[in-house]
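One structure is given below, encoded as structure tokens.
Readers should treat all values here as calculations from the given coordinates under stated rules, not as data from a laboratory. Everything quoted here is computed from the prediction, not taken from an experiment. All Cβ positions, even for glycine, are placed from backbone atoms using ideal geometry, and neighbour counts span all protein chains on display.
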Ligand SMILES: C[S@@+](CC[C@H](N)C(=O)[O-])C[C@H]1O[C@@H](n2cnc3c(N)ncnc32)[C@H](O)[C@@H]1O
């Protein structure tokens with residue numbers, strides 16, 4: 001599988017000058033929109049965790065679960081974070097009980113995955129009322145068109161479609177930010 005192949009050099013690639021600059025900017029937004037005190041002692045789910053970039057930003061969570069379709073990615077994630085619980089599954093069927101999660105992250109995934117309606121339905125099941133959902137998508141711009149030309153196969157979604165679909169599950173958009181190749185949206189349910 002492509003992501004298992006990518007897992008072998010994913011972290012190394014991201015350490016290159018340009019990609020590490022992009023990642024640093026994106027990670028700064030996570031800590032701006034979700035300061036560590038909001039995340040403290042929370043039950044966190046990272047959907048499409050890859051090698052565990054999001055878990056590396058968390059300070060003192062109660063529990064962090066990373067799910068990913070790629071076993072290779074999860075092996076890396078686990079070796080990067082010993083305390084991370086990992087589940088090897090497709091995000092269209094998240095094997096967790098109803099309402100057990102406080103904060104869900106889904107970062108850098110939506111552009112590789114077209115069925116966002118099923119994903120949002122699954123997330124709304126596992127997230128508790130009043131929970132937070134941090135979601136990113138790739139906006140239509142020149143760098144993202146270039147990624148497509150370079151073979152990344154980026155799916156573009158309309159932000160208003162995302163917002164409408166999540167509103168149907170009781171989510172409201174509370175914060176938003178944009179970086180070079182990514183738009184970050186923070187939703188809260190039940191306000
Ligand atoms: C670009 S990486 C992002 C990794 C991580 N969230 C980050 O920000 O560094 C996308 C990840 O989504 C995972 N993924 C893609 N489609 C998936 C699916 N249907 N179910 C579970 N994971 C999926 C891939 O295996 C990959 O690890």
Next item on the list: Report, in deg cm²/dmol and to the nearest 500, the calculated mean residue ellipticity at 222 nm for the chain, where each DSSP H run with n ≥ 4 adds -39500 (n - 2.57) and the sum is divided by the residue count.
Entry: -10000 deg cm²/dmol
Notebook entry, point to check: Of 120, 18, 5, how do they rank once you tally other Cβ atoms within 10 Å and put the fewest first?
Noted result: 18, 5, 120
Notebook entry, point to check: What FRET efficiency, computed as 1/(1 + (r/R0)^6) with R0 = 41 Å and r the Cβ-Cβ distance, is obtained for residue 129 and residue 8, rounded to the nearest 0.05?
Noted result: 0.50
Item checked: Ranking of 51, 118 by count of other Cβ atoms within 10 Å, fewest first -> 118, 51
Check: What fraction of the DSSP beta bridges in the stretch 2-189 is antiparallel, stated in percent and rounded to the nearest 5?
Finding: 45
Next item on the list: Using only alpha carbon pairs under 8 Å that are at least six residues apart, calculate the relative contact order of the stretch 12-142 and give it in whole percent.
Entry: 21
Check: Given the stretch 78-191, what percent of its DSSP beta bridges are antiparallel, to the nearest 5?
Finding: 70
Check: Picking from 179, 64, 136, which is most flexible by a Gaussian network model of the chain using Cα springs under 10 Å?
Finding: 179
Next item on the list: Would you please classify the overall shape of the stretch 1-105 from the alpha carbon gyration tensor, given that a ≥ b ≥ c denote the square roots of the eigenvalues, rounded means a/c under 1.5, and beyond that prolate means a/b larger than b/c while oblate covers the rest?
Entry: oblate
Notebook entry, point to check: Projected area of the chain, taken from the Cα convex hull and averaged over every viewing direction, in nm²?
Noted result: 9.8
Check: What order do you get for 81, 155 when you list them from fewest to most C-beta neighbours inside 10 Å?
Finding: 155, 81
Next item on the list: Report, in whole Å, the centroid distance computed from the Cα atoms of the stretch 94-149 and the stretch 23-37.
Entry: 17
